[in-house]
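**Student:** What follows is a structure written as structure tokens; I'll ask about it next.
What follows is calculated from the coordinates using simple rules that are stated; it is not laboratory data. Small disclaimer: the values here were computed from a predicted structure and weren't measured. No Cβ is skipped: glycine too gets one built from the backbone with ideal geometry, and neighbour counts run over all protein chains shown.
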Amino acid sequence: MKNGQKYMRNVLIADTSMKKIIFTLYEPYSNDKKIKLQKGSILAIKYATIAVTSTKIKKLNTAYYTIIRNTTGNYQQDLLLKDFYEKNQNLDNFLFIYVKEDYKYLKDIKSLIEYNSEHNIENCKLTFITKAYVENFYLDENSLYKSCPLCSKKLIESPDNKYQCLLCNKIFNQPKYTFKITLRVRDTNDKAFFKLIGTRANKILEVEPELVRHYLDVGNGQELEKIEKKILFNEYIFTATLTSFKYDKTGKIMHNINIDNMEKADGENLKRILKLIQDNEDND
Ligand SMILES: [Zn+2]
């Protein structure tokens, strides 16, 4: 509570998959003036963000750019959901809301970076879902780095061909390789660079970094191309985390977008979003 006024509200939302998720509405959606919520409300939510509570529950949040409407914008869909709610409202005591879309466009992510820059927001960490296709991706020397076999931190190479981890304070004769891949992704509005790092890359590319290292060493372009083709030009639902820091030496705000999960885009409902969140938790 702030100034005696309610400044946020939590509701439970669901769709026809009957999966539920907590949705936290902040100002200006925190009261009934802007958006009216009651059991069985049908809503279209665009550009919400995924947040993690202190108890590690992942949920949806409104952000300054979130758009909520009291209809899905499709009359047939509204009727279907209304009918579904009426038939099932005895099953549960939750607010029934349809989530039309919670994907963000790349341009919204970029405007968030600008927003952070203008408002001097340092060390922001925001997880979002976006749908985009992989426009460019190739495997080269920059796709891998020499990492610590214990903690995956980048190793310092010494003149006697040994490798030191400053975090573990250990010396190794052989480094382990870890993926650090940059994907150029594009949606209908814009493009962006996403980073795919560590064991998530092994899983998605279905290959170990050591094998890619080998293909690079022997110059086996054919095998490298086979791996690239697995994800190139496919559309994915990305769960990714944006981090931004203050300014670099040139005064430019630095940001990273790291991929937490990517799954081929072939369905869009809350069940799917929850699965993405669940997979994320399994990886933590
Ligand atoms: Zn280490």
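**Student:** How many residues are of a type in the set (D, E, K, R) and either farther than 24 Å from Glu263 by Cα or touching a Gly at 6+ places or on another chain (Cβ under 9 Å) (or both) if we restrict to region 211-230?
**Tutor:** Total meeting the criteria: 2.
**Student:** Only one of these conditions is not met by Gly198: (1) within 16 Å of the ligand (Cβ to nearest atom); (2) within 18 Å of the chain's Cα centre (by Cα); (3) surrounded by 18 or more Cβ atoms within 10 Å (Cβ to Cβ). Which number is it?
**Tutor:** Looking at each condition in turn, Gly198 falls short on (3).
**Student:** When you go through Tyr236, Tyr177, Tyr215 one by one, which is the residue that is surrounded by 15 or more Cβ atoms within 10 Å (Cβ to Cβ) and within 16 Å of the ligand (Cβ to nearest atom)?
**Tutor:** On inspection, the qualifying residue turns out to be Tyr177.
**Student:** Taking the criterion of being within 23 Å of the chain's Cα centre (by Cα) and in a loop (DSSP other than H, G, I, E, B), would at least one residue in region 169-177 satisfy it?
**Tutor:** No, every residue in region 169-177 fails to be within 23 Å of the chain's Cα centre (by Cα) and in a loop (DSSP other than H, G, I, E, B).
**Student:** Let me ask you something else. Return the pair list, or none, for Cβ contacts closer than 7 Å from residues in region 142-157 that are of a type in the set (Lys, Arg) to residues that are within 7 Å of the ligand (Cβ to nearest atom), at least 6 apart or on different chains.
**Tutor:** Lys153/Cys165; Lys153/Leu167
**Student:** Pick from region 144-159 the residues that are assigned to a strand (DSSP E or B) and closer than 17 Å to Leu211 by Cα: which of them is nearest to the ligand (Cβ to nearest atom)?
**Tutor:** Step by step, filter region 144-159, then rank; the result is Ser147.
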